[in-house]
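Asker: Quick one: the structure is below, and I'll ask about it shortly.
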Amino acid sequence: MLNQFSRSELVFGKSALKKLATSRVAVFGLGGVGSYVAEALARSGIGHLDLIDNDTICLTNLNRQLFATHKTIGQFKVDVAAERIADINPDCNVTTYKTFYLPENKNEFDFTQFDYVVDAIDTVAGKIGLIVEANNAGIPIISAMGAGNKVNPAAFEVADIYKTSVCPLAHVMRKELRKRGIKNLKVVYSKEPPLTPLKPTDDESEKSSKRQTPGSTAFTPPVVGLIIAGEVVKDLIQFNPLSRE
């Protein structure tokens, strides 16, 4: 009997789909990368998604974030995501947190309840905190490195953090993780040198900002998100193309 996952079953097999339906994945950050991760996981049949983001959708999100439309401006990203996922996969349980993750609020989360963690947040402190907590709980985690100021989506690849190069964020992460004794971390990164953002000409708040806002496109962060979603799915079902049911 046909169902919404019939085409996925042709690729992965029935037992794999059952595994995904009983899996729980936490997606931290629902921006240009995380929004695509969350939706791809819902469309893949993940049974429970925890979505963590305290931000609301704004006008400048429309160029790259999946849940951003003129109709959703001003709404919380997690609320829009939950509503959309309910339309896509009604059997997917969604838990939302209007929280900006930092090490200080780690106790809001029981990492042992997750089967996989996705790090799609921007701050180094938050990323390090997520990785440490997932590592302590023995839960697999995948982390997005820098996608801003890059224009070649074909350059992104999956690697261990200690085998990365060129990416400035990955450089900082390697240094900080080494200090904490983290021996490995799966990441998605690119060797493409980031562009220097042009100076804004029509936004005084941008000019006065101490932290330079990175540029981004409609086609780079989504690719990172879809790569991450694919890795999560394949890891959860321990995908082997030679042994499918």
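Asker: Label LEU195 and THR60 with points 7 Å out from Cα along Cα→Cβ: what is the distance between them in nm?
Answerer: Placing both labels 7 Å along Cα→Cβ, they lie 1.6 nm apart.
Asker: Express in % the proportion of alpha carbon pairs of the stretch 78-200 at distances exceeding 22 Å.
Answerer: Cα-Cα pairs of the stretch 78-200 separated by over 22 Å account for 44 percent.
Asker: Taking the alpha-carbon distance from LYS71 and a cut-off under 14 Å, which aspartates and glutamates remain once sequence neighbours fewer than 8 residues away in the same chain are dropped?
Answerer: Here the aspartates and glutamates satisfying the reach criterion relative to LYS71 are ASP79, GLU83.
Asker: Note down the nm distance, to one decimal, between modelled labels 7 Å out along Cα→Cβ at HIS70 and at ASN136.
Answerer: 4.7
Asker: Now for a separate question. Calculate, in whole percent, how much of the Cα-Cα pair population of the stretch 6-236 lies beyond 31 Å.
Answerer: Percent of Cα pairs beyond 31 Å in the stretch 6-236: 19.
Asker: Kindly provide the helix-only [θ] at 222 nm of the chain, computed as the sum of -39,500 (n - 2.57) over DSSP H runs of four or more divided by all residues, to the nearest 500 deg cm²/dmol?
Answerer: Per the formula, -10500 deg cm²/dmol.
Asker: Suppose the chain between GLU108 and VAL11 were pulled fully straight at 0.36 nm per residue; how much longer would it get relative to their current alpha carbon spacing?
Answerer: Contour length minus Cα-Cα distance gives 31.2 nm.
Asker: How long is the gain from PHE100 to ILE88 if the chain were fully straight, where each residue apart is worth 0.36 nm and the alpha carbon distance is subtracted?
Answerer: 1.7 nm
Asker: While we're on this one: Cα to Cα, under 18 Å, and not fewer than 8 places away if on the same chain: which lysines meet these conditions relative to LYS18?
Answerer: Output for LYS18: LYS234.
Asker: Separate question: Could you list log10 I(q)/I(0) for the stretch 1-82 at q = 0.13, 0.19, 0.26 Å⁻¹, which the Debye formula gives when each Cα is one point scatterer?
Answerer: For the requested q values the scattering log ratios are -0.47, -0.80, -1.13.
Asker: What is the extension gain from ALA154 to LYS175, computed as 0.36 nm multiplied by their sequence separation minus the C-alpha to C-alpha distance, in nm to one decimal?
Answerer: Residue separation times 0.36 nm, minus the Cα-Cα distance, leaves 4.9 nm.
Asker: Here's something else I'd like to know. How much of the DSSP beta bridge set in the chain is antiparallel, as a percent to the nearest 5?
Answerer: 25
Asker: Moving on to the next point. If the cut-off is 24 Å between C-alpha atoms, which lysines fall inside it for LYS106, apart from same-chain ones fewer than 8 positions away?
Answerer: LYS77, LYS98, LYS127, LYS175, LYS179, LYS183, LYS186
Asker: Where in the chain are the DSSP H helices whose C-alpha atoms run 30 Å or more along the long axis and whose mean Kyte hydropathy is at least -0.5?
Answerer: none
Since every read-out is calculated from the coordinates, none of them should be taken as a lab result. Given the structure is predicted, the values throughout are model-derived calculations rather than measurements. Heads up, the Cβs are rebuilt from the backbone with ideal geometry, glycines too, and the neighbour counts pull from every protein chain shown.
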